[in-house]
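The values are calculated or read from the model by the stated rules, or taken from the named source; none is laboratory data. All figures in this text were calculated on a predicted structure; none of them were measured in a lab. Positions of Cβ are generated from backbone atoms using ideal geometry, with glycine treated the same way; all protein chains shown enter the neighbour counts.
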Amino acid sequence: MTPTKIYCDLFGHNYQVTKNVTNHVKEYTCKCCKKQLTTNSNGTLTELTAKYQDINSALERIYNNKLMRLKQKRLSSSIY
Ligand SMILES: [Zn+2]
């Protein structure tokens with residue numbers, strides 16, 4: 001067991017947001033032991049596995065497309 005692991009076990013993980021996937025879904029990394037978490041579809045935190053990394057990258061793509069379309073819509077409505 002490493003000292004940082006003991007620290008996390010005693011005081012809890014020190015999570016920091018490392019990525020905003022969407023407004024609701026974020027990825028977190030523990031500053032001490034580098035454990036990664038993400039928000040799942042229920043809105044609760046779960047370990048960031050390869051499966052969730054795939055889901056998140058798909059979500060991110062969809063979310064960014066939506067944002068872009070919203071921006072274009074706003075742009076065209078300001079012209080007319
Ligand atoms: Zn930790």
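Restricting region 16-46 to residues that are within 12 Å of the ligand (Cβ to nearest atom) and under 12 Å from the mean Cα position of the chain (by Cα), the residue that is surrounded by the fewest Cβ atoms within 10 Å (Cβ to Cβ) is 16.
Restricting attention to region 1-54, the residues that are in a helix (DSSP H, G or I), more than 28 Å from residue 68 (Cα to Cα) and not β-branched (Val, Ile, Thr) add up to 7.
From the list 37, 48, 59, 67, the lone residue that is out of contact with any His (no Cβ under 7 Å at 6 or more places or on another chain) and at pLDDT below 95 is 67.
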